[in-house]
1. Could you pull the accessible area for M206 with a 1.4 Å probe, rounded to 10 Å²?
2. Could you size up the charge dipole of segment 77-150 around its Cα centre, putting +1 on the beta carbon of Lys and Arg and -1 on that of Asp and Glu, and report it in debye to the nearest 20?
3. How much length is gained if the chain between S37 and L145 is pulled fully straight, taking 0.36 nm per residue apart and subtracting their Cα-Cα distance, in nm to one decimal?
4. L30: net charge of surrounding residues, Cβ under 14 Å, Lys/Arg +1, Asp/Glu -1, itself excluded?
5. Rounded to the nearest 0.05, what FRET efficiency do N222 and K190 give with R0 = 25 Å and r taken as the Cβ-Cβ distance? Could you check?
6. Dipole of segment 23-144, Cα-centred, from +1 at each Lys and Arg C-beta and -1 at each Asp and Glu C-beta, to the nearest 20 debye?
7. Accessible area per residue, 1.4 Å probe, Å², for segment 202-292: what's the number?
8. In the structure displayed, which of K99/K265; K175/K287; K81/K270; K190/K217 lie more than 24 Å apart, Cα to Cα?
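The values are calculated or read from the model by the stated rules, or taken from the named source; none is laboratory data. Note that the structure is a prediction, hence the values are computed from the model and not measured. All Cβ positions, even for glycine, are placed from backbone atoms using ideal geometry, and neighbour counts span all protein chains on display. With ligands, DNA and RNA removed, areas are computed over all heavy atoms of the protein, side chains included. Shrake-Rupley method; radii C 1.70, N 1.55, O 1.52, S 1.80 Å.
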Amino acid sequence: MPSAFRRAVFPILVAGVAVFACLQFLRPELTNPPVTSELQAPPEVRNILRTACYNCHSNETQLAWFDQIVPAYWLVVQDVKTARSHLNFSELGLQPAAKQRGVLYEAISQVQLGAMPLPAYRRLHPEAVVTEQQLAVLRKYVSSLTPPAGAAEAAIAAADQQFARWAAAAGAAPKPAASPNGIEFLPEYKNWKAISATERFDNQSMRVIVGNEIAVKAIAENRIHPWPDGSAMAKIAWSQLKDRAGQVRTGAFQQVEFIIRDSRKYAATKGWGWARWVGTELKPYGKGSSFTGECVSCHEPVSANDYVYTAPVRGQQ
Ligand code: HEC
Ligand code: HEC
């Protein structure tokens with residue numbers, strides 16, 4: 001290297017190293033609060049969650065050496081704080097059994113959808129990847145927590161009556177009130193096409209996801225990064241009942257939720273308008289328009305997928 005060049009570059013290098021070293025002292029604190037009531041689960045289940053999730057979703061965070069170097073450290077601390085606020089396995093044991101089961105179901109569902117552990121984390125921590133076999137162990141455990149079937153006869157009768165009343169009132173039913181964020185109910189969703197159906201394997205609900213013409217066309221043409229304006233999808237949920245013969249069928253209608261694409265109008269909520277109507281009376285969900293924060297935050301893990309969970313089944317339309 002010519003010495004003039006070396007004289008120019010060397011100080012810059014030294015300064016760079018010095019800045020890097022100083023930055024290491026800018027460390028937001030990350031503590032491990034005591035484990036008050038850990039999730040109660042058999043060891044084989046807990047071990048899987050420990051390896052794959054506890055670094056972010058518990059009070060037992062153990063950072064790898066490369067996670068402790070600034071600036072990576074800043075990102076990791078942020079992730080851990082956010083992750084704990086969403087789900088903390090060290091405190092989950094305080095919740096009632098039904099709530100724990102629901103949370104566990106959501107957790108497994110995030111793994112199954114490829115959203116968790118966070119993809120960037122999976123790349124650096126291959127041991128955290130949940131294998132198919134491990135996923136099967138988790139599913140089996142959550143299914144085993146489901147209350148026994150059979151007590152469902154009365155519920156089935158009630159659901160039949162509900163359906164009969166609903167069918168009789170169809171057409172005459174008044175239009176439901178608008179969602180608190182101003183979005184109007186879209187009765188035409190009943191004519192939209194099914195994109196996917198999912199069944200909660202913990203036997204709580206059956207769900208169908210449907211899309212309007214623009215959404216279905218976008219899927220067919222693989223133009224869903226981003227989804228075109230005008231796309232709309234609905235997720236419809238019924239409770240799931242099992243009769244004495246073991247037949248699974250839909251029970252009471254629970255709710256219908258919509259996402260409606262308009263990248264400008266809904267820029268503040270990630271380009272989608274969010275709305276939910278609950279129960280057969282189709283009561284708009286949410287007090288004030290801030291409820292959309294819940295929707296967006298829970299769809300955040302699939303932000304890379306434009307906030308849409310459902311990987312459409314291609315070639316179906
Ligand atoms: C590197 C940190 C990290 C790891 C490891 C991780 N998560 Fe997360 N998780 C997050 C963050 C951050 C969020 C908040 C959503 C967002 O901002 O993307 C989140 C959100 C979630 C949510 C959504 C909770 C809600 O109701 O909004 C669930 C469920 C979840 N994680 C489950 C898991 C499971 C199960 C594992 C292990 C298989 C796991 N996570 C591993 C960081 C992590
Ligand atoms: C507890 C987490 C959670 C919350 C809160 C949530 N969602 Fe979702 N949503 C999901 C998951 C997971 C899916 C994927 C389908 C499935 O497994 O049911 C989904 C799917 C959907 C779909 C079908 C399109 C897609 O992304 O796959 C719509 C529409 C939807 N949600 C609307 C809403 C609206 C509106 C709200 C707020 C009122 C909301 N969601 C709140 C987790 C959540």
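1. Accessible area of M206: about 50 Å².
2. It works out to roughly 60 debye.
3. Gain on extension, S37 to L145, equals 37.0 nm.
4. Neighbourhood net charge equals -1.
5. Once rounded, the FRET efficiency stands at 0.40.
6. 200 debye
7. Each residue of segment 202-292 exposes 49 Å² on average to a 1.4 Å probe.
8. Among K99/K265; K175/K287; K81/K270; K190/K217, the Cα-Cα distance tops 24 Å for K99/K265.
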